Amino acid sequence: MKKVLISLIGLVIIWSAARSSILATSQADVYYARDRVLPALVHIQPVVTDFRTGREMKQSVVGSGVIFHDSGYVVTNYHVAGKAERIICTLFDKEQVKAELIGGDPLTDIAIIKLDLSEYHGSLAMAELGDSDSLQVGQFVLAMGSPLALSRSVSCGVVSTTDRYFSDEARLPSGEKTGRYNTWIQTDAAINPGNSGGPLVNLEGRVVGINSRATIFANNIGFAIPINIVKQVIEQILDHGKVIRSWIGVQAQAMQDMEGWFGTDRDRGVLVASVDPRSPAEAAGLQAGDVILKINRRDVSARFEEQLPYFYKLIADYAVGTHLDLEVQRGENVIYIEVITRELGDLMGQDLACDEWGFTVKAITKQMAVENQLEDTLGVFVSGVKRVGPAAEGGLRRGDVIREINEIPTPLYDDFYGKYNELIAVPADKVLLTVKRFGNVKYVLLKIKKETDHSGER
Amino acid sequence: MKKAFLSIVVALIITPILAAQHFDFAKMLKKANDYTVVLNITVAVSFGMESTDFKYRGIGTVVSEDGLIIFDGSTIENDDPFSQMAGLSVDAVPKSIEVRTMDGKTYSAEFIGIDRFTRLGFCQMQANTKNKFKFLSFKSQKSLKVGDWTAIFALLPDFVKPSLAADIGMVSAIVSEPERFVLMVGYNDLEIGSVLYDSTGEAIGILGRLQNPANAGLSPAQMMESFSQVEDFMPLLGLIDAGKINRLIENPPTKGKVDRGWLGIYLQALTTDIAEFWGLKLNGGIIINEVVKDSPADSAGLETGDIIIRLNGGNILVDREENLALFQREISESGAETQVEFTILRRTDGRVDTLDIRATLARSPLTPSEAPDYNDDNFDIKIRDMVFADYNIYNLDRQSFKGVVVKEVESGSWAEVGGMQPGDIIQSIGSRKVTSVDEARTQLEKIGTDKPREVVFFVWRENKTLFINIKTHWQ
């Protein structure tokens, strides 16, 4: 909290100072920034897979990215390339090269791809990543990318807000929740679909954010992920192929005006609104209504919702398995609780399209179980049912959890995968699925018509 | 309405030609004028934040000396399963009922409830003195056959005097599936609720509608299982018979009190495909998908996976989900405390055992719209008790999870500004846990006296809990 307060005061001082620098800004500054970053801009055309209609569907999309490393690493959005099967990139000199997905992080909506430079003969430009913490409201910024697939476009505006908060209930097109661990830079530099993944650049010619969201019903309201967050994500993806986060399963809530009620001091403590079932926090005995005052002797506070991402990130940044000593105010008492963090893990499990049976499934991860109120992670989650097919006719629904095939338990994804392959090889003409729906068992009989097996749409 | 009016006029014209000699309309009308009333019902319909009043005018019949009235409840009731499933509250509540007799006297009446199967509504006249009302008694007529004529008195529009007009209709079919029902032609939807007379002038029942079993008598949760069904468009009008009506008159469907039988299972139809897959030679049955803990089914020893093939000696031929309602209805209509007998098949390791099981039905849990509720005028919220369906829909633990459901949050209210939403389940208000509307009411009334500057509510919403700080602005 202290930190944020200071930066708010800082803003006011700098704002008055900034007026003179607005006047001092010249066309030359914009050219300078342009020349430092634009050559590193990449137009990205991935083919992504989507399983939500009950089958595997491939779709070509367009986004943007920026080269940040001379061996050809490009940062972009997860919602652009995170589910890419293959990627074609167009560089600033209009040359096309292939790229491969290195890794992605849906929670911050960041993905890293690597250009295949084996057949590229140009000279690779690369942008410098700046510092987003020093951004000021009103500061000039440029957005670069391919709005509506119009590549190599530059727009200009100012930083409208440095720490816009969004509820972490927002979802990416692929279904994952996003945004819990960061706030956003808001800008009035024009950002449109296709700008996604492109750089937001300050007049020093450094990348300060990755453009990722726009409001479709408004003009000049676009959002970028602060580059300081992105830098950490890049580091983790390059090291591990993904971002590893610690998780304790606490849902926090901004304390705003409830200090009196909870008997805490202003700007002190983070209110626990909810504790996830089967989480480390639950195991340690943390309860809704507890106020976490300190984590490993470090003061924590979330009086305003803009502070929540910092709290979540603080926990996430500890190594998995760390013993956290929480100082907690519960009612009138201060108690101490030790929580051992676990890995947050994947938001969603592996996808499988069961084309012969007309539906798609996902392996169930811890986070999916929490979110969908499943009592465990056993079975596979039906992520889509094809409108016409054996599953639709048998009454299978999206959200069902398949626990058995022909009354043989398939607790793990691999069990399901094995049994599925075994039965489509026969091929079985009738298959009985035992599913859980709203906590109740349902039997779903699939009648597989052989003649339609290979005439299905593609 | 115009259409209905036209058809009534047509009926008036053709009546003498076709069947006048069978009915003594003058005598029937004289009697009908004694116990037929016009109901002017004001219904408050609320959808989430919005609330509007609707006026509904309809025909009613006095059926007891102390002023019990039956009428067509389908117009005002609300059993919208989708909104209830979604935790939204769409609610149609009769706010006031004015009763006008044929000789021009008016009374106010109190709404009692609506029967879920016949859709008959019940209300009770409030008379200042110990009035004794003239009332109608129904007589069973078992010998109706196709081609028999029946008559009714339908209610004419408000601007026409006098209010009643005769109409006739013919028995067109006596159907046996999905239940025994005497179908009639010649009547229309707007005449539902009128008393039906046979050719001797005897009142044999009320004009009603044959319900699609896929929609009748289901709880919202069960309804969801069949919401892929397309509504029947053919109006199936006919006789709600005297026997059914008399049973209901004896035991009207009081809001908040129900006597429907309940077994406590989740069920699925045994399709012929599944039967064949399991090697069972059956043309239908009920698969028990889950047995509610401590329910009659649980006490009787029914288990998940059991297949019910006989109920009270009759074979169960449920082979489609749509027909589950027939079974549910039979259980429901049997009433609480009734003993029922099942024959079940139990599959264990490839072996199939046939077992006879007896269960004593319990009282059916309340539906969300039947649950006791309370309106708080300070926070402008309406809350209700949690019911079985809430636990079922949200997969909540019945033993440990307690609270009250927010039915309505008025637009611009303190509660809305504070962030409360319909569907929230309030678990505590201030420092007090609330497990029922009564407790919540006590607490809210205390707050109304204490007038604190703000009140912190602890609520459950979409699998998570949160605190809602509501700022108050006392006058």
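Here are a few things to note about the model shown:
- Residues satisfying the stated conditions in region A:150-174, i.e. closer than 30 Å to A:Arg55 by Cα and either of a type in the set (Ser, Thr, Tyr) or surrounded by fewer than 16 Cβ atoms within 10 Å (Cβ to Cβ) (or both): A:Glu169, A:Ala170, A:Arg171, A:Pro173, A:Ser174
- Any hit, region B:313-329, residues being closer than 22 Å to A:Lys442 by Cα, basic (Lys, Arg) and at pLDDT 85 or above: no
- Considering residues of region B:432-454 that are assigned to a strand (DSSP E or B) and under 30 Å from B:Asn392 (Cβ atoms) only, the residue farthest from the other protein chains (Cβ to nearest Cβ): B:Arg432
- Candidates B:Gln141, B:Gln124, filtered to the one that is part of a loop (DSSP other than H, G, I, E, B) and either of a type outside the set (Ser, Thr, Tyr) or surrounded by fewer than 19 Cβ atoms within 10 Å (Cβ to Cβ) (or both): B:Gln141
- Region A:278-299 residues that are more than 16 Å from A:Thr341 (Cα to Cα), paired with ones that are of a type in the set (S, T, N, Q) and assigned to a loop (DSSP other than H, G, I, E, B) (beta carbon under 7 Å, 6 or more apart): A:Val291/A:Thr264
- Entirely in region B:252-354, the helices (runs of 4 or more DSSP H) that have 2 or more residues that are more than 14 Å from chain A (Cβ to nearest Cβ) and not charged (D, E, K, R): B:296-300, B:324-334
- Looking only at region A:197-226, residues that are surrounded by fewer than 24 Cβ atoms within 10 Å (Cβ to Cβ), of a type outside the set (Ser, Thr, Tyr) and assigned to a loop (DSSP other than H, G, I, E, B) come to 9 in all.
- Checked against the criteria, A:Thr365 does not count as in the same structural domain as A:Lys436 (by TED's automatic domain parsing), buried (at least 22 other Cβ atoms within 10 Å of the Cβ) and at pLDDT 90 or above.
- Within region B:260-274, considering residues that are β-branched (Val, Ile, Thr) and touching a residue at least 40 places away in the same chain (Cβ under 8 Å), the one surrounded by the most Cβ atoms within 10 Å (Cβ to Cβ): B:Thr271
- Residue among B:Ile249, B:Ile308 that is modelled with pLDDT of 85 or more and under 19 Å from the mean Cα position of the chain (by Cα): B:Ile249
- Residue within region B:379-398 that is assigned to a loop (DSSP other than H, G, I, E, B), in contact with a helix residue (DSSP H, G or I) (Cβ under 9 Å, 6 or more places away or on another chain) and farther than 25 Å from B:Gly261 by Cα present: yes
- Within region B:347-371, the residues that satisfy the criterion of being at pLDDT 90 or above and surrounded by 16 or more Cβ atoms within 10 Å (Cβ to Cβ) are B:Ile357, B:Ala359, B:Leu361, B:Ala362.
- Residue match in region A:186-196 (condition: among the hydroxyl-bearing types (Ser, Thr, Tyr), buried (at least 24 other Cβ atoms within 10 Å of the Cβ) and in contact with a Ser or Thr (Cβ under 8 Å, 6 or more places away or on another chain)): yes
- Selection from region B:313-341 of residues that are closer than 23 Å to B:Gln211 by Cα and over 21 Å from the mean Cα position of the chain (by Cα): B:Gly314, B:Asn315, B:Ile316, B:Leu317, B:Val318, B:Asp319, B:Arg320
- Listing of helices (runs of 4 or more DSSP H) fully contained in region A:227-319 that carry 3 or more residues being away from chain B (no Cβ under 14 Å) and surrounded by fewer than 17 Cβ atoms within 10 Å (Cβ to Cβ): A:227-240
- Taken over region B:439-475, the criterion of being basic (Lys, Arg) and either outside the structural domain of B:Asp424 (by TED's automatic domain parsing) or touching a Phe, Trp or Tyr at 6+ places or on another chain (Cβ under 8 Å) (or both) is satisfied by B:Arg441, B:Lys451, B:Lys471.
So that you can scan it fast, the table gives a plain yes or no per residue for (1) closer than 28 Å to B:Ala389 by Cβ; (2) within 14 Å of another protein chain (Cβ to nearest Cβ):
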position	(1), (2)
A:Val361	no, no
A:Val370	yes, yes
A:Leu374	yes, yes
A:Lys386	no, no
A:Leu396	yes, yes
A:Ile405	no, yes
A:Glu422	no, no
A:Ala428	no, yes
A:Leu446	no, yes
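The values are calculated or read from the model by the stated rules, or taken from the named source; none is laboratory data. Note that the coordinates shown come from a computational prediction; the quantities given were computed from them, not determined experimentally. Backbone-built Cβ (ideal geometry, glycine too); neighbour counts: all protein chains shown.
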